[in-house]
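Here is the structure we will look at, set down as structure tokens.
The values are calculated or read from the model by the stated rules, or taken from the named source; none is laboratory data. This one's a predicted model, so the numbers in the text were calculated from it and none came from an experiment. Here the Cβ positions follow ideal geometry from the backbone for every residue, glycine too, while neighbour counts run over all protein chains shown. Areas reflect the complete protein model, heavy atoms only, side chains present, ligands, DNA and RNA absent. Shrake-Rupley method; radii C 1.70, N 1.55, O 1.52, S 1.80 Å.
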Amino acid sequence: MLRYTLMRLGIFVGCFVVVWALVYSGVAPRGLGASNGMWMIMLALVVSAPISFVALRKERDRASERIAPRLDRSIDRVKSNLAANRSQEDEADDAARTPAPAGAPAKDTDAGNAKAAESGPDSEDVKASEGVKAS
């Protein structure tokens, strides 16, 4: 990978030197004001990209062959971690949905909800609902 990167950088530097020579000889247009340096860098990038794409095809393929096994291992590790997390979530969800045995104490939130359901409506609620019905 380092070899490919250095070769790509070499092509860019060569293109930059050519663009610099063309700009200062007047063949290529200059940038506006202080943007001349940025103009030359952008022009060198645009010229060097297709050259690198064609000239470095074999080196890019070699680099990708070395990277692909590591990438596959990383993807497999991520997939197995996701599967483990899903199974943990499923187990926790199943445990939460499974009713507790008859002798087991209820959870705090379940106990509060059960007491509220058993007590029925408050007397104020009954009076308010009767007042609404009478009107």
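Using the average count of surrounding beta-carbon atoms within 10 Å as a protection proxy, the listed peptides 69-75, 51-57 rank, highest first, as 51-57, 69-75.
With R₀ set to 41 Å, the beta-carbon distance separating Ser35 from Ala55 gives a calculated FRET efficiency near 0.90.
For region 34-101, divide the Cα radius of gyration by the Kirkwood radius and give the resulting Rg/Rh value with two decimals. Could the numbers behind the result be given before it?
Details: Rg = 25.2 Å, Rh = 17.2 Å.
Using Cα coordinates only, the ratio equals 1.47.
Surface composition of region 1-102: carbon plus sulfur atoms contribute 66% of the solvent-accessible area (1.4 Å probe, protein chains only, all chains present).
For region 4-19, backbone nitrogen atoms closer than 14 Å to the point 7 Å from Arg62 Cα along Cα-to-C-beta are found at 4-8. The mean of 1/r over all distinct Cα pairs in region 1-74, once inverted, gives the Kirkwood hydrodynamic radius of 13.9 Å.
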